[in-house]
Amino acid sequence: MIVLGGQLSTAKGLDYAIFHAAQYGLGTLQVFSRSPVGGQSKPLPKTGTVTGWLEQAHIRPFFVHAPYFVNPAATEPLMKNRARVVLSEEMIRVKRLHGDYLILHPGHQQETSIEESLDALSQTIRYILKKPGFVLIENAAGQGRELGASLDDLARLFAHLGRLRRVGFLLDTAHAMAFGYALTTADDVSRFFDQLDQKIGLKRLKGIHLNDNMYPIGTKRDRHAHLLTGQMHPEGLKKLLALANGQNWPIILETPGKDMVARHQDLEVIAQLTGHELKMS
Ligand SMILES: [Zn+2]
């Protein structure tokens, strides 16, 4: 079944976001627990309240996106320590919010080799997993010195992590296309998931950020776009949705806009390609 969701703003409160998602018939949800670019973190709702809201709204899994003002792949001691402190706090916030997963971008390569950066990243992940919770690594677009854009780098990262449980993978389709993976035809999509299975293992895949990308494939430029308005084609998207449907991979829309009103067209595209019934308030 299609488990559909979106990244929603919590500016009007987390309860507002959760019930907004429910109004649009969403079964999953993603939020930031604090401003992703820094600043003081907001106080959390009282322990126990969020789980009730999620239950009432039938939202699961509940994804929390980690802030990206720290670099989890930092090798420089001060930056490395800062990432560990902030991300460990974030693990605790996810637990308090009754979230299922913390989504983490792999970070940036500093003045070291890719191998050393991946090693530093795996150490940071091990460090934050001293806290309870589950971490998902999201593939990057490969802009600038971004790590973790290629399936090969991600495979090396997972090799560093070994049999560590409570760590999985989250696929962002816009980032994958920006890096150079075409998801145009049904064959492209099948080939991509075969590679993903070979290099990382589909068992690791816990969700998909379903976004189109404005810039051409392989340009390493990432700007999320509404579905079928960028590099995606109906055939490839249909195949991807069929796979997600078959495997119950939750889908999170991070297309432009802060709520589902702004993503109405994306919901319509998905409904047309899958026969998924739209529930609109
Ligand atoms: Zn994403």
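Annotation: residue 277 fulfils all but one of (1) within 16 Å of the ligand (Cβ to nearest atom); (2) open to solvent by 40 Å² or more (accessible area, probe 1.4 Å); the unmet one is (1).
Restricting 92, 114, 103 to those that are within 16 Å of the ligand (Cβ to nearest atom) and farther than 19 Å from residue 77 by Cβ reduces the list to 103. Filtering the range 162-191 to residues that are more than 16 Å from the ligand (Cβ to nearest atom) and either within 18 Å of residue 242 (Cα to Cα) or buried (at least 19 other Cβ atoms within 10 Å of the Cβ) (or both) leaves 167, 182, 184, 185, 186, 187, 188, 189, 190, 191. The set of residues from the range 202-242 being part of a strand (DSSP E or B) and either away from the ligand (no atom under 15 Å from the Cβ) or within 14 Å of residue 269 (Cα to Cα) (or both) comprises 210, 212, 225. Taking each residue of the range 41-57 that is free of Cβ contacts under 8 Å to residues at least 24 places away in the same chain and looking for partners that are open to solvent by less than 100 Å² (accessible area, probe 1.4 Å) with beta-carbon atoms closer than 7 Å, six or more apart or interchain, yields 42/34.
When 4, 14 are checked against the criterion of being surrounded by 20 or more Cβ atoms within 10 Å (Cβ to Cβ), within 16 Å of the ligand (Cβ to nearest atom), more than 19 Å from residue 128 (Cα to Cα) and not acidic (Asp, Glu), a single residue qualifies: 4. Only residues that are farther than 23 Å from residue 224 by Cα and not charged (D, E, K, R): list them for the range 19-48, please. Hits for the range 19-48 are 19, 22, 23, 39, 40, 41, 43, 44, 45, 47, 48. Note on the range 18-115: enclosed strands (runs of 3 or more DSSP E) holding 1 or more residues that are polar (S, T, N, Q) and crowded, with 20+ Cβ neighbours inside 10 Å are 28-32.
The values are calculated or read from the model by the stated rules, or taken from the named source; none is laboratory data. These numbers were taken from a predicted model, which means no experiment stands behind them. Here Cβ is always computed from backbone atoms with ideal geometry, including for glycine, and neighbour counts include all displayed protein chains. Areas reflect the complete protein model, heavy atoms only, side chains present, ligands, DNA and RNA absent. Shrake-Rupley method; radii C 1.70, N 1.55, O 1.52, S 1.80 Å.
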